[in-house]
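Written out below as structure tokens is the structure these notes cover.
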Amino acid sequence: MFRRRPPDRPVEAARRLTAGRLTLEVAGGSVLGHRYPANYDVLHVDEELPLAVVCDGMGEGEGSRVAGTTATQTFVGRVRAAWPAVDAAGLHAAAAETQRRVRRAGATRTGLTGCTLTALVVEPDGDRGWLVHLGDSRAYRLRDGLLELVTADHTMAWLGLLHGWWPAGSPEAARARYQLLRYVGHPDQPEPDLLATRLRRGDTWLLCTDGVSDQLGYHRLRDLLAARRDPARTVRALLDASLEAGGEDNATAVVLRVHPALPLPPLSAPAPRRDRGHLTS
């Protein structure tokens, strides 16, 4: 029987941010799955900037927790320090510094210190969103009813399927699923995928760890995102559905919806003043 387990990161009310002519509503949450004794996912939804980050620690243990926490804090700190500048060079520099900090944090540990990183940063004018991606946490976009996977998994399984080395359901593909080719903390410090995309009114974006994407198929994800609930309710529905589908891993999700900028309230007319017993304006 499915029993809800308390999340490590409760789903908070959606935050509303303005970026140019767009209003962004964003919420995130994380839940402990049924496999691990602790949640090694790390989530950041910024309170002031249009910025969200999802990290998934590799394996279980202190190295996973340290990697995710260090990666999130470093990347967010670099984006905040550079704001309002958001460009390819700055985001590459932020990712490189994140790699260095995680490698340094793992130098004194015997186990693996590594994590995935998938981040979405929206330019202040709302013109473009930037995705920064290392590993197999994912970014999806729902637009006009079509759900698209925008990122590519940096795994041996993904590479093997693209090149036809093995069938999707084969034992070889299953073994290769968790062989990450790029991640934060990798000894070769691989560069991230960096994608710039136009934001459109009506878009819904999902950032998630594989605890969500491995449990929920395409149609289930699309239906949950298309329900047009507010982002906080959508995140709760995604996490609940991931647990109901088996909860084989910790699950983390961020949902961002794009709306037209809300109109400013009308300026209030000056209060009438009383002059010699008469109201005048």
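Here are some notes:
- Semi-axes of the equivalent ellipsoid of the stretch 23-176 are 26, 22, 16 Å, computed as sqrt(5λ) over the eigenvalues of the C-alpha gyration tensor in descending order.
- Gyration tensor (alpha-carbon) shape descriptor, the stretch 172-228, a/c threshold 1.5: oblate
- Annotation: extensible slack from GLN73 through ALA261 equals 64.7 nm (criterion: 0.36 nm per residue apart, minus Cα-Cα distance).
- Between the stretch 146-197 and the stretch 100-140, the Cα center-to-center distance that results, in Å: 15
- Placing unit charges on the Cβ atoms only, positive for Lys and Arg and negative for Asp and Glu, gives the chain a dipole magnitude near 860 debye about its Cα centre.
- Long-range HN-HN contacts of LEU22 with modeled amide H, under 5 Å: ALA261
- Fully extending the segment from ARG35 to ARG16, taken as 0.36 nm per residue of separation minus the present Cα-Cα distance, adds 3.4 nm.
- Residue ranges 92-104, 126-138 sort as 126-138, 92-104 when ordered by packing (mean number of other C-beta atoms within 10 Å per residue, highest first).
- Accessible area expressed per residue, the chain, with surrounding protein chains retained (probe 1.4 Å, Å²): 50
- Distance in nm between pseudo-label sites at GLU48 and LEU162 (7 Å out along the Cβ direction from Cα): 3.8
- Potential lengthening between GLU97 and GLN189 on full extension [0.36 nm per residue; Cα-Cα distance subtracted]: 32.1 nm
- Three-way shape call for the stretch 125-248 based on the alpha-carbon gyration tensor, with the a/c threshold at 1.5: oblate
- Table column - 3J(HN,Hα) (Hz), the stretch 178-189, Karplus curve with 6.51, -1.76, 1.60, x for Gly and Pro: 10, 8, 6, 8, 9, 6, 6, x, 4, x, 8, 6
- Look at the Cα gyration tensor of the stretch 70-153: its axes a ≥ b ≥ c give a/c of at least 1.5 with a/b at or below b/c, and that counts as oblate.
- Sorted peptide list for 248-256, 35-43, criterion being average Cβ within 10 angstrom, highest first: 248-256, 35-43
- The convex hull drawn around the Cα atoms of the chain, when projected onto a plane and averaged over every direction, covers 20.0 nm².
- log₁₀ of I(q)/I(0) at q = 0.14, 0.24, 0.26 Å⁻¹ - the stretch 1-87, Debye sum with one point per alpha carbon: -0.60, -1.21, -1.30
- Of all accessible heavy-atom area on the chain, the percent that carbon and sulfur account for (1.4 Å): 51
- Estimated inter-spin distance, ASP223 and ARG128, nm [label 7 Å along Cα→Cβ]: 3.7
- Cα-centred dipole magnitude for the stretch 13-114, charges only on beta-carbon of K, R (+1) and D, E (-1), debye, nearest 20: 240
- Positive-pole candidate from ALA94, VAL150, VAL66, dipole of the stretch 64-196, charges at beta carbon: VAL66
- Low-density loop positions, GluC sites (Glu not before Pro), the stretch 23-52 - DSSP coil, at most 13 other Cβ in 10 Å: GLU47, GLU48
- Phi-based couplings in Hz for the stretch 44-61 (Karplus 6.51, -1.76, 1.60; Gly and Pro marked x): 9, 10, 5, 7, 10, 9, x, 8, 9, 9, 10, 10, 10, x, 8, x, 10, x
- Top of GLY28, GLY145, GLY247 by mean-square fluctuation, Gaussian network on the chain, Cα under 10 Å: GLY145
The values are calculated or read from the model by the stated rules, or taken from the named source; none is laboratory data. All values reported here derive from a predicted model rather than from experimental measurement. Please note: Cβ atoms are built from the backbone with ideal geometry, for glycine as well, and neighbour counts cover all protein chains shown. With ligands, DNA and RNA removed, areas are computed over all heavy atoms of the protein, side chains included. Shrake-Rupley method; radii C 1.70, N 1.55, O 1.52, S 1.80 Å.
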